Amino acid sequence: MDMQSEVSNASIAISPLRASPRIWVRGLFFLAIGAVLMLSSAPARSQASGTPSSAPSVVQADVKLVIGGNTIKNNSKVTLSVVGSSLHIATNKTTVEVTVPSILDIFTNEDSRQDITGAAHFATMAIPYGGSRVLSLFSHNVDVLTLEFTDANGGYHGAIFVLGQGQAAPIKKQLVAMGAKASVPLEVATQTSK
Amino acid sequence: MKQHTRAAVSVVASILIAGSLLAQPRPVDTGTGQKLSSSSIQIQPVDPGDVPLPAEFSVAVYENLITQIGKTGKFQHVYRSGDKDAANAPDLVTLRMTAQSFKKGSQKKREVTTVAGSSSIILKVHITDHTGQTLVDRDVQGKVRFFGGNLNVTYDFSKKVAAIVRDQF
């Protein structure tokens, strides 16, 4: 009896020792699942909250950066997009980010640009009978977007963009709605430019 | 005959003297004739004053000037307005600009007529040292007469200011 009880006791005593690796394995398994769920839920949550921030709300492609793009060359073709709380100025190679709080002022204006510019313009000068002057008559209206902002060190910067007619206002509107400063309200700017 | 020759010689000589006097470089603003020296310059944005200067012209002047002053190689540092590091520069000089006049021409008119539609901008350029003493005080004009967009006046202006800086420093 004593032997049996001892054996039973021993079996009882041994069973937790045998079960412990299983429990550990199960525990580790649940921990792993929990970790996977936590890790997978973290980006999902940030994506969900960041969906409006990561998806650009306003995008304007084929914009001419006249001056002030820092690492981007003057007169480059860029894509302007309002992403999250910043304006992205992007080429195929690089992107310059201007955060909304760093924007000091935004201006929109209308102007006219010649259709033929650069080397092609000089090539037209060879056209006889003043043909190049006739070509100069062809111009189209464009929007000019001017941005004043500061860099991380507090230094003042300015950038000028030329967009298609009517394309500057949505960008200004979006940036102002996000808290960017503008000394001239959009309505006034559109009235004065007309 | 001799009198005629002497008169002609004296006229030619006076023309040459007058020409050489006119051809002499303008006296430097410092008055001492010595070149100024500074390791760093800070450029302030354009003060439009009462002149209706469009924002894009003001910004283009500023950005072109930053580039052109940098190209002169006269300063180790060209600080933008508001740059925190400028406070540590011991011999900082400051360049300020105030608009005097602005005429926005027409690129179309320029290219069609070649005589009308010119653009011009005149800004007062004021450079002071760290004590506030005036080093340069000049009106500088930027022009575009024949080809190019109106914003080219800002490039012309900044090239002229860079030439002044090269001359003075």
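The values are calculated or read from the model by the stated rules, or taken from the named source; none is laboratory data. This one's a predicted model, so the numbers in the text were calculated from it and none came from an experiment. For neighbour counting, all protein chains shown are included, and Cβ atoms are generated from backbone atoms with ideal geometry for every residue, glycine included.
Overview of results
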read-out	value
Count of residues meeting criterion [at pLDDT 95 or above, within 12 Å of B:L123 (Cβ to Cβ) and either over 11 Å from the mean Cα position of the chain (by Cα) or not hydrophobic (A, V, I, L, M, F, W, C) (or both)] in the range B:142-169	2
Qualifying residue in the range A:101-108 (condition: away from every other protein chain (no Cβ under 12 Å), loosely packed, with under 12 Cβ neighbours inside 10 Å and either modelled with pLDDT under 95 or not in a helix (DSSP H, G or I) (or both))	no
Top-ranked residue in the range B:69-87 [being in contact with a strand residue (DSSP E or B) (Cβ under 8 Å, 6 or more places away or on another chain), part of a helix (DSSP H, G or I) and farther than 14 Å from B:S158 by Cα; ranked as nearest to the other protein chains (Cβ to nearest Cβ)]	B:D85
Out of B:V51, B:V46, B:V59, sole residue that is at the interface with chain A (Cβ under 7 Å from one of its Cβ atoms) and within 22 Å of B:G149 (Cβ to Cβ)	B:V59
